[in-house]
Amino acid sequence: MPNDAESLAAWAQQAGAHAVPLYAGLLLLLLLLCGASWRLLLRYHVPREESSLPPSLYLAVRLAGGFAVIVAAAWVFAELAEALGADAGLGLADQALADSLRLHLPAAVAQAAAWLTVLANTETLVAICVLVAAALVWRGRRWLALGWVLAVAGNGALNTTLKQIFARVRPLHDDGLVMAQGYSFPSGHSSGSVVVYGMLAYVLARFLPSRWHLPLVLAAAALAFSIGTSRVFLRVHFASDVLAGFASGTAWLAVCIASVELTKWYRRRRPRRS
């Protein structure tokens, strides 16, 4: 009978043979989960002005929710990192999926993935970072601009550090559509898209009416997921690299948003100098 590692590899091989419908199904599931979570948030969230809690306790409750996201994302990353070092099954499944994609992924889908992945190239993210920071400074939101820049730059530094720690070699990608250098785990495109587009949704939500908030969240989630998937389709990353990138990016995004919220609360509470 096949062992667990062989069964996982066989499942990964089948996933590669049906990659496009699997991607569509997972994307739909992600959007449904985001929508359901948003409805729950609207149902149970009490605006600060209407809350009976003291301001400091109200902030603590909100930060506790962010801390739960950080812990959950960090746990996922830790589990993937542990499996990468101690369990050959994950490596076999990663390789089986990459080999299956090489055989079964339509050329048109691979080309579309090559266009999509540019949205999280370093040059693209740096350009977005500079433009958004300049716009925030121009609007007089210097503290928000600082939080934005630290979020983007901090994620880049974090991802580089993690890659050096794990030093995982990339899968073979010799089709010429996209070439990538350096280590593979975790995926910088995946973490970068989560942080940059997630933080961008947060920044825009600070300026736009509430009816735009859910579309912003859904757009950021769909874009980040699609960019991460494109890295697997192009075989410049293993699937576990992308999952780890999503996890580390989500944890860092939660840290950054919580920090901005805490700074905003502190500046409101700080006495004004006459």
* Test residue 118 against the stated conditions and say whether it is without any contact (Cβ under 8 Å) to a residue 12 or more places away in the chain, aliphatic (A, V, I, L, M) and under 21 Å from residue 232 (Cα atoms). => yes
* Which members of region 203-258 meet the condition of being of a type in the set (Lys, Arg), assigned to a helix (DSSP H, G or I) and surrounded by 22 or more Cβ atoms within 10 Å (Cβ to Cβ)? -> 231
* Name the pairs: first residue in region 252-265 and more than 19 Å from residue 161 (Cβ to Cβ), second residue at pLDDT 80 or above, Cβ to Cβ under 6 Å, at least 6 apart or on different chains? -> 257/202; 260/147
* **Index of the failed condition, residue 25 passing every other in (1) modelled with pLDDT under 70; (2) surrounded by 11 or more Cβ atoms within 10 Å (Cβ to Cβ); (3) small (Gly, Ala, Ser)** => (1)
* In region 150-194, how many are more than 15 Å from the chain's Cα centre (by Cα) and not in a helix (DSSP H, G or I)? -> 18
* Filter result for residue 194 (touching a Ser or Thr at 6+ places or on another chain (Cβ under 7 Å), more than 18 Å from residue 77 (Cβ to Cβ) and of a type in the set (A, V, I, L, M)) -> no
* Is region 188-195 home to any residue that is of a type in the set (Gly, Ala, Ser), under 19 Å from residue 252 (Cβ atoms) and surrounded by fewer than 24 Cβ atoms within 10 Å (Cβ to Cβ)? -> no
* Asked: Just checking, how many residues over region 142-183 are aliphatic (A, V, I, L, M) and over 30 Å from residue 109 (Cβ atoms)?
  -> 11
* Asked: Which of (1) over 9 Å from the mean Cα position of the chain (by Cα); (2) at pLDDT below 90 is the odd one out, the single condition residue 226 does not satisfy?
  -> (2)
* To do: Can you tell me which residue among 120, 113, 133 is in contact with a Gly (Cβ under 6 Å, 6 or more places away or on another chain) and surrounded by 15 or more Cβ atoms within 10 Å (Cβ to Cβ)?
  => 120
* Taking region 118-144 on its own, how many of its residues are closer than 23 Å to residue 208 by Cα and outside any helix (DSSP H, G or I)? -> 3
* **Test for residue 147: is it in a helix (DSSP H, G or I), at pLDDT below 85 and under 23 Å from the mean Cα position of the chain (by Cα)** => no
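The values are calculated or read from the model by the stated rules, or taken from the named source; none is laboratory data. A quick note: this is a predicted structure, and the numbers were derived from the prediction, not measured. FYI the Cβ positions are ideal-geometry reconstructions off the backbone, even for glycines, and counts take in every protein chain you see.
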